[in-house]
Amino acid sequence: MSANDIVLRLSNIESYYGPIMAIRGISLEVPRGKIVTLLGANGAGKTTVLKTISGILDPQKGTIEFEGKPIQRMDADKIVRLGLSHVPEGREVFPFLSVRENLMMGSYPRSDRDGVASDLEQVYNYFPRLRERINQPAGQLSGGEQQMLAIGRALMNRPTLLLFDEPSLGLSPLLVKEIFNIIRRINEERGTSILLVEQNAKVALETAHYGYVLEIGRVVMNDTCEKLMQSQDIQEFYLGAADHGARGERRWKKKKTWR
């Protein structure tokens with residue numbers, strides 16, 4: 001695969017929270033126009049990877065290339081301007097601003113008014129409920145509507161790459177299905193590359209093209225999602241955990257690192 005076919009490349013990235021190493025020499029790639037997912041138990045380092053990519057956290061070692069350009073230790077606002085948007089865990093909408101004002105906050109790097117207006121209309125087409133609540137304060141929306149708003153806000157930057165952190169968190173199964181249908185549409189219709197962190201391993205593997213499995217800050221397995229779904233370890237400790245809840249999580253904690 002040529003360099004032009006890779007939109008994001010991490011090479012031997014290490015990041016810390018104070019003295020604690022959170023990710024340990026991670027390398028991964030996101031091919032252009034594809035969806036890549038990160039799987040792992042709580043504390044594996046998935047969210048830290050996304051924060052390091054988007055400039056919220058500076059890596060202590062390694063390189064991050066976005067569209068062939070190094071972005072490690074670049075300010076987060078400059079990374080956004082390059083065309084990388086991050087939909088954070090917990091949505092983090094502006095609760096006292098209206099739905100429309102939240103969406104327009106996502107377009108702040110842009111000066112093309114016609115393009116912004118067109119993208120705003122497309123967001124409303126993806127999420128009709130946001131159009132219905134256009135003047136409502138974001139803090140009054142339901143959890144599912146806030147997730148729609150967070151995704152719509154990220155789209156208003158017209159990104160080349162979207163980072164999603166736990167988009168299904170706290171949502172009903174019906175809303176999870178709706179959100180992931182939109183994620184697929186964004187990828188297929190806009191050609192947007194996506195790096196997805198998702199607690200629901202089954203829906204993540206069904207949605208993505210390629211996957212990486214993290215354990216204690218390291219990549220321990222990577223392959224196409226089709227092959228990962230056939231893996232006995234994935235079936236037992238991820239797909240099984242999705243069916244059996246906390247019991248599956250306890251079983252995972254007893255598992256030794258794959259080698």
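The values are calculated or read from the model by the stated rules, or taken from the named source; none is laboratory data. This one's a predicted model, so the numbers in the text were calculated from it and none came from an experiment. Every residue, glycine among them, receives a Cβ derived from its backbone with ideal geometry; neighbour counts consider all protein chains shown.
Of the numbered conditions (1) surrounded by fewer than 19 Cβ atoms within 10 Å (Cβ to Cβ); (2) in contact with a strand residue (DSSP E or B) (Cβ under 7 Å, 6 or more places away or on another chain); (3) at pLDDT below 95; (4) under 23 Å from PRO167 (Cα atoms), TYR16 fails exactly one; give the number of that condition.
Here TYR16 clears every test but (4).
Listed here are the residues, each with its yes/no results for (1) touching a helix residue (DSSP H, G or I) at 6+ places or on another chain (Cβ under 6 Å); (2) more than 27 Å from SER231 (Cα to Cα); (3) β-branched (Val, Ile, Thr).
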{"position": "PRO167", "(1), (2), (3)": "yes, no, no"}
{"position": "GLY191", "(1), (2), (3)": "no, yes, no"}
{"position": "GLN199", "(1), (2), (3)": "no, no, no"}
{"position": "GLU206", "(1), (2), (3)": "no, no, no"}
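If you take the residues of the range 70-107 that are farther than 23 Å from VAL7 by Cβ and among the aliphatic types (A, V, I, L, M), which of them is surrounded by the most Cβ atoms within 10 Å (Cβ to Cβ)?
So, considering only residues that are farther than 23 Å from VAL7 by Cβ and among the aliphatic types (A, V, I, L, M), the one surrounded by the most Cβ atoms within 10 Å (Cβ to Cβ) is VAL99.
Kindly establish whether ILE35 is surrounded by 22 or more Cβ atoms within 10 Å (Cβ to Cβ), of a type in the set (Val, Ile, Thr) and at pLDDT 95 or above.
yes
For the structure I just gave you, tell me whether ARG32 is farther than 30 Å from ASP233 by Cβ and of a type in the set (Lys, Arg).
No; evaluated as a whole, the condition is false for this residue.
Name the residue that is nearest to ARG32 (Cα to Cα), counting only residues in the range 78-98 that are part of a loop (DSSP other than H, G, I, E, B) and touching a residue at least 60 places away in the same chain (Cβ under 8 Å).
GLY83
Select, from GLY152, GLY143, the only residue that is surrounded by fewer than 17 Cβ atoms within 10 Å (Cβ to Cβ) and under 19 Å from VAL197 (Cα atoms).
Criteria check complete, one pass: GLY143.
Cβ-Cβ below 7 Å, separation at least six or inter-chain, first residue in the range 139-153 and free of Cβ contacts under 8 Å to residues at least 24 places away in the same chain, second surrounded by fewer than 24 Cβ atoms within 10 Å (Cβ to Cβ): which pairs?
If the second residue must be surrounded by fewer than 24 Cβ atoms within 10 Å (Cβ to Cβ), the pairs left are GLU145/ARG129; GLU145/ARG133.
Please state which of the following conditions ARG110 fails to meet, knowing it meets all the rest: (1) within 25 Å of LEU8 (Cβ to Cβ); (2) among the basic types (Lys, Arg); (3) in contact with a Gly (Cβ under 9 Å, 6 or more places away or on another chain); (4) surrounded by 13 or more Cβ atoms within 10 Å (Cβ to Cβ).
With (1) within 25 Å of LEU8 (Cβ to Cβ); (2) among the basic types (Lys, Arg); (3) in contact with a Gly (Cβ under 9 Å, 6 or more places away or on another chain); (4) surrounded by 13 or more Cβ atoms within 10 Å (Cβ to Cβ) applied to ARG110, the lone miss is (3).
Is there any pair linking a residue in the range 182-198 that is closer than 17 Å to GLY152 by Cβ to one that is of a type in the set (Val, Ile, Thr) and part of a loop (DSSP other than H, G, I, E, B), with Cβ under 9 Å and at least six apart or on different chains, and which?
Between residues of the range 182-198 that are closer than 17 Å to GLY152 by Cβ and residues that are of a type in the set (Val, Ile, Thr) and part of a loop (DSSP other than H, G, I, E, B), the close pairs are ILE186/THR192; THR192/THR160.
Are any residues in the range 39-61 within 21 Å of GLU206 (Cβ to Cβ) and touching a Leu at 6+ places or on another chain (Cβ under 6 Å), and if so, which ones?
So the first thing to find is which residues in the range 39-61 are within 21 Å of GLU206 (Cβ to Cβ), and the list is 39-41, 44, 46, 50.
Matches in the range 39-61: GLY40, ALA44, LYS46, LEU50.
How many residues does the range 114-169 contain that are within 16 Å of PHE180 (Cα to Cα) and not in a helix (DSSP H, G or I)?
Matching residues across the range 114-169 total 9.
Filter the range 29-77 down to residues that are assigned to a strand (DSSP E or B), charged (D, E, K, R) and touching a strand residue (DSSP E or B) at 6+ places or on another chain (Cβ under 9 Å) and give me whichever is nearest to ASN181 (Cα to Cα).
We begin by selecting, within the range 29-77, every residue assigned to a strand (DSSP E or B); these are 29-31, 35-39, 61-66, 69-70.
From the residues that got through so far, the ones that are charged (D, E, K, R) too are 29, 61, 65, 69.
Checking the rest, the ones that are also touching a strand residue (DSSP E or B) at 6+ places or on another chain (Cβ under 9 Å) come to 29, 61, 65.
Values: GLU29: 24, LYS61: 36, GLU65: 29 Å.
Step by step, filter the range 29-77, then rank; the result is GLU29.
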